[in-house]
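Only one structure is covered here, and it is reproduced in the block below.
The values are calculated or read from the model by the stated rules, or taken from the named source; none is laboratory data. No experiment lies behind these values; they were computed from the predicted model shown. Cβ atoms come from the backbone with ideal geometry, glycine included; neighbour counts cover every protein chain shown.
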Amino acid sequence: MKKTIFSAQSIFFIVFLMVASAAAQPPPPPPGSPASSSSYNPQSGPSNSISGFIFDADTRIPLSDVYVELQTDTYATLRRIKTDGSGRYVFTGIKSGQFKIRVLPVRTNYLEETQDVDVVNYQIGSTVTSDSVYLDFYLKIDKRKAGFGDPSVTGAVFAQDVPSEARSLYKKSLNYFKSAKEEQTGFETLKKAIDLYPTYYDALNQMGLEHVKRKQYFEALPYLVRAIDINKRSFSSFYLLGLAAYNLKQMNEAAEAFRATTVINPQSFNAFLQYGMVLRINNNLKESEQALLKAQSLLKDSASPEVCWQLALLYDKLKRYEDAAKELEKYLKLMPDAENSQQIKMLITQMREKAKTS
């Protein structure tokens, strides 16, 4: 039976359920952050991170599935990940020091870019502070490669005959959002663009993205739903809706949204990773394993610590303790500086003991 993406009517019903059932609940950590048992174990001590978004410099469209590397100050690569469907990347569990973030837009028309970053911890009495560095990239087109890029990175362009005034307001809002001091003006300007042209897909999707970036998940919902109603093949809108549903603890709806992203872009590592994670939380264990193994297979030239961790949690649920131990060992090999490495080693020992008696 052929897979179909759920209808706009069902999305409105999903939103109704989400608002009714989760209005008073604080959101859990977003997928990919090492802060909950549904994704990663807690870390003790200072928990440093470097995160941000990758955008097209001209259109401000977020770029998904773009490689991002964490490097030492001498250009040695420590980790490599891909941006998610909202264009976000995050490195966690980092020690203090000087690093470089390198964006590798392979198979695209974009120029590579590298920025320096310092991660600093301070000792205040008996407490060591943690550092969270936020770093965005705005990639420029390499004119020598014009016409040779992979369209799956940004998704298909959705053409609309937008009134010039609305388009102008939309572009102004993107510049406002680049400054934290002017983000409120950005929201107001973007809202004016939508009021002028209520079916303006780019503006609706951008409004949803800006709210999700700020963890304003309920505020994002109506804009993402309207964006999908207009463009039912929008990878970005479905992915953002999945993130919002996940953070509102609506796992069935999150699974449905992430499933849609795997249909729209079956080559997206992040789509299958998030889909597999939510399926595991929902106890759809067989389907979860299929999705997570598919995610890993899409990283032909590297392994993913996120997939290893999710598989370990999955195999623990399935009582496949030896497999769980192997995935945790892979995780430690990929994340040798993980702050909770001793806890994970103890967990590996426990898994092996369980495997002997099961």
Among what's in the stretch 257-280 and is at pLDDT 95 or above and over 16 Å from the mean Cα position of the chain (by Cα), pick the residue that is farthest from Leu63 (Cα to Cα).
Arg280
Glu210 being in contact with a helix residue (DSSP H, G or I) (Cβ under 9 Å, 6 or more places away or on another chain), in a helix (DSSP H, G or I), closer than 24 Å to Ala57 by Cβ and not assigned by TED's automatic domain parsing to the domain that holds Leu63:
yes
Which residues, taken from the stretch 52-76, are surrounded by fewer than 18 Cβ atoms within 10 Å (Cβ to Cβ), among the small types (Gly, Ala, Ser) and in contact (Cβ under 8 Å) with a residue 60 or more places away in the chain?
Ala57
Can you say whether Leu292 is in contact with a Gly (Cβ under 6 Å, 6 or more places away or on another chain), more than 20 Å from Ile94 (Cβ to Cβ) and outside the structural domain of Arg80 (by TED's automatic domain parsing), as far as the supplied structure shows?
yes
Considering only residues that are modelled with pLDDT under 85 and small (Gly, Ala, Ser), which ones fall in the stretch 83-111?
Gly85, Ser86, Gly93
Being surrounded by 14 or more Cβ atoms within 10 Å (Cβ to Cβ), touching a residue at least 12 places away in the same chain (Cβ under 8 Å) and touching a strand residue (DSSP E or B) at 6+ places or on another chain (Cβ under 6 Å) narrows it down to one residue among Ala355, Ala338; which is it?
Ala338
For the stretch 313-335, name all the residues that are surrounded by 14 or more Cβ atoms within 10 Å (Cβ to Cβ), closer than 20 Å to Ser302 by Cβ and out of contact with any strand residue (DSSP E or B) (no Cβ under 9 Å at 6 or more places or on another chain).
Lys326, Glu327, Leu328, Glu329, Lys330, Tyr331, Leu332
Test of understanding: among Ser304, Ser341, Ser297, which residue is among the polar types (S, T, N, Q) and within 20 Å of Gln71 (Cα to Cα)?
Ser304
Counting just the residues of the stretch 109-133 that are touching a Phe, Trp or Tyr at 6+ places or on another chain (Cβ under 9 Å) and among the hydroxyl-bearing types (Ser, Thr, Tyr), which one comes out nearest to Ser64 (Cα to Cα)?
Thr114
Could you check Glu165 against (1) modelled with pLDDT under 90; (2) surrounded by fewer than 17 Cβ atoms within 10 Å (Cβ to Cβ); (3) farther than 15 Å from Gln206 by Cα and say which number it fails?
(1)
Report the residue count in the stretch 218-275 for those that are farther than 22 Å from Arg80 by Cα and assigned to a loop (DSSP other than H, G, I, E, B).
7
Among the residues in the stretch 263-284, are any out of contact with any helix residue (DSSP H, G or I) (no Cβ under 7 Å at 6 or more places or on another chain) and more than 25 Å from Ala227 (Cβ to Cβ)?
yes
Reported set for the stretch 213-243 where residues are closer than 19 Å to Arg259 by Cβ and among the basic types (Lys, Arg) is Lys232, Arg233
